[in-house]
Amino acid sequence: MPALERIAVIGGGPAGAFAASELARAGREVLLFDEKLAWEKPCGGGLTDKALAQWPFLRDAPVERNWVSDCELIAPSGRQVRFRLERHIAIFSRLTLNGLLLERARQVGAQLRRERVLQIDKSDGGWAIRTASGGYTADFVVIAAGARNSLRNGFAAPLGPENFMVAAGYYIPGNHHTVQIKFLKGLHGYIWIFSRADHFSAGICGRMQGKSTAELRRLLENSLPEFGLNLDGASFYAHIIPSLTPDALRNSSFAGEGWAMVGDAAGFVDAITGEGLYYALRSAELLTEALLANAPEKYPALAKSDFLPELERAARIADRFYGGEWMAGPVVERMIQLTECSPRFRDIMRDLFVGAQEYSDLRERVYQGLPRIAAETVVSGLRNPFGTGQTTQQGKAGRLAGVENRTQ
Ligand SMILES: Cc1cc2nc3c(=O)[nH]c(=O)nc-3n(C[C@H](O)[C@H](O)[C@H](O)COP(=O)(O)OP(=O)(O)OC[C@H]3O[C@@H](n4cnc5c(N)ncnc54)[C@H](O)[C@@H]3O)c2cc1C
């Protein structure tokens, strides 16, 4: 196959911008299109330690982000637990993160065009790309246009609503160093309060075939006072998050002759947590590896031997996580109870949150640790026969100020 010299990247989010920088750095002629270039794409903006360790420039770049040192989980019953994270999570505003990644691409020679791509057609062994202001050609196209992506249908079968979550939220002035997650009865999703450098991204997500955006918005608004937040100076956002079923993950096509999809466009998001930034960057990295070896056909196999099994596992257990039972109670309630009562279980949760614990051996780790977890839970129950789980009604502000920190 001749070298794929001219590569068009459609979309300048994390997936497209990262692919563009790595390809341009290796000498490929890269043309990146984004209708907005760097923008505040609706997102939590949370990057786990796993992502920061894999791409240290994200940790080291001199740009604004917030470092989160504590995590608070709230169960539907109101039981809650707070614990310290061994390794910190970085919360970026998406304007900052996208700007950082696009600037890296520009500095190594990628051409950035602020244009919306309207159509992509096959032509003379390559591609003809049409935007509102002109036409371009390329040998290979990288579709990195995110979850709301009208271009996908020209390349692969459309994804039905069962493959998406809806998300709504507010950017609210303020900040602290705790990530807060609240689960609600009957919601396949959660509320998050992610604190950035100077504002919170407070949001809620749920299955597209479950609650409407308006219902989710109301649930979030009703919960904000529990977190000491209100809507003064807030701005609303809404978007969709891919949450592919196991079947869709296994069978949807994300690459073909002369093209490939990365990030949200391909549906590469954890179906339980909604984490997509790591997978956007990783899929871009793997596609780049294949393209630089002049073997783009190897990209699907690389993804399948790398992160796809983990995404499939998440997709398989997502329903059970949000709606199932474990140890005679809802999974989420038990998870929060054990996090509160058992140091051993809390370690597992810490690792899950920073990205150090994969789903592949989670079950084994929990079951191997079960005798100790059970013993710790019994001891905790004896010490606190009426339960220590503080409920959300009990003074949020005090806890966040570090006044109350029951668990380490
Ligand atoms: C509310 C919400 C909260 C989230 N929170 C987190 C989180 O905390 N942590 C995490 O890891 N993940 C989170 N995610 C997921 C994460 O946002 C995505 O996985 C990630 O943005 C995917 O990156 P991407 O580059 O594939 O797509 P995107 O970031 O969506 O980028 C796609 C780009 O393509 C451009 N584009 C689209 N169509 C065209 C066109 N026709 N022509 C030109 N340009 C086009 C858009 O302008 C956009 O810039 C969240 C998602 C949502 C919706």
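Overview of results
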quantity	calculated
Lone unmet requirement of (1) within 12 Å of the ligand (Cβ to nearest atom); (2) part of a loop (DSSP other than H, G, I, E, B) for LEU159	(1)
Evaluation of ASP232 against (1) in a loop (DSSP other than H, G, I, E, B); (2) within 15 Å of the ligand (Cβ to nearest atom); (3) charged (D, E, K, R) (one fails), failing number	(2)
Subset of segment 290-346 (residues that are more than 16 Å from TYR359 (Cα to Cα), of a type in the set (D, E, K, R) and in contact with a Lys or Arg (Cβ under 8 Å, 6 or more places away or on another chain))	GLU333, GLU340, ARG344
Unmet requirement for VAL81, which otherwise passes all of (1) in a strand (DSSP E or B); (2) surrounded by fewer than 21 Cβ atoms within 10 Å (Cβ to Cβ)	(2)
Number of the exception - ARG152 against (1) of a type in the set (Lys, Arg); (2) more than 11 Å from the ligand (Cβ to nearest atom); (3) buried (at least 20 other Cβ atoms within 10 Å of the Cβ)	(2)
Residue in segment 34-49 that is surrounded by 23 or more Cβ atoms within 10 Å (Cβ to Cβ), more than 10 Å from the ligand (Cβ to nearest atom) and modelled with pLDDT of 95 or more present	no
2 or more residues without any contact (Cβ under 8 Å) to a residue 60 or more places away in the chain and over 22 Å from the mean Cα position of the chain (by Cα): qualifying strands (runs of 3 or more DSSP E) within segment 99-148	117-123, 126-131, 134-138
Residues of segment 1-33 satisfying the condition of being in contact with a Leu (Cβ under 6 Å, 6 or more places away or on another chain), small (Gly, Ala, Ser) and away from the ligand (no atom under 13 Å from the Cβ)	ALA26
Answer from GLY258, GLY233, GLY324, GLY274 - the residue that is touching a strand residue (DSSP E or B) at 6+ places or on another chain (Cβ under 7 Å) and more than 27 Å from TYR170 (Cα to Cα)	GLY258
Given (1) within 16 Å of the ligand (Cβ to nearest atom); (2) within 17 Å of the chain's Cα centre (by Cα); (3) outside any loop (DSSP other than H, G, I, E, B), index of the condition PRO309 fails	(1)
Residues of segment 106-149 that turn out to be of a type in the set (Asp, Glu) and surrounded by 15 or more Cβ atoms within 10 Å (Cβ to Cβ), as a count	2
Total residues in segment 56-69, condition touching a strand residue (DSSP E or B) at 6+ places or on another chain (Cβ under 9 Å) and surrounded by fewer than 19 Cβ atoms within 10 Å (Cβ to Cβ)	3
In segment 110-125, the residues that are among the small types (Gly, Ala, Ser) and within 26 Å of ALA38 (Cα to Cα)	ALA110
Of the criteria (1) within 15 Å of the ligand (Cβ to nearest atom); (2) at pLDDT 95 or above, which one ILE74 fails	(1)
Tally, over segment 334-356, of residues that are among the charged types (D, E, K, R), under 13 Å from ALA374 (Cα atoms) and without any contact (Cβ under 8 Å) to a residue 60 or more places away in the chain	2
Among residues of segment 1-60, those that are within 17 Å of ALA138 (Cα to Cα) and in contact with a His (Cβ under 6 Å, 6 or more places away or on another chain), counted	0
LYS211 vs. criteria more than 19 Å from the chain's Cα centre (by Cα) and surrounded by fewer than 18 Cβ atoms within 10 Å (Cβ to Cβ)	no
Matching entry among VAL68, VAL63 (being hydrophobic (A, V, I, L, M, F, W, C) and either within 16 Å of the ligand (Cβ to nearest atom) or within 22 Å of ASP351 (Cα to Cα) (or both))	VAL68
Residue pairs meeting the criteria (Cβ under 8 Å; at least 6 apart or on separate chains; first farther than 9 Å from GLY267 by Cα and in a loop (DSSP other than H, G, I, E, B), in segment 239-254; second more than 10 Å from the ligand (Cβ to nearest atom) and of a type in the set (Asp, Glu))	THR245/GLU162
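Conditions (1) surrounded by 18 or more Cβ atoms within 10 Å (Cβ to Cβ); (2) more than 10 Å from the ligand (Cβ to nearest atom); (3) part of a helix (DSSP H, G or I); (4) free of Cβ contacts under 8 Å to residues at least 60 places away in the same chain, marked per residue:
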residue	(1), (2), (3), (4)
PHE236	no, yes, no, no
GLY274	yes, no, no, no
GLU285	yes, yes, yes, no
LEU291	yes, yes, yes, no
ASN294	no, yes, no, no
PRO300	yes, yes, yes, yes
ALA314	yes, yes, yes, yes
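The values are calculated or read from the model by the stated rules, or taken from the named source; none is laboratory data. The model shown is predicted, which means the values in this text are computed figures rather than measured ones. Don't worry about glycine lacking a Cβ; one is built from the backbone with ideal geometry, like all the others, and counts go over all protein chains shown.
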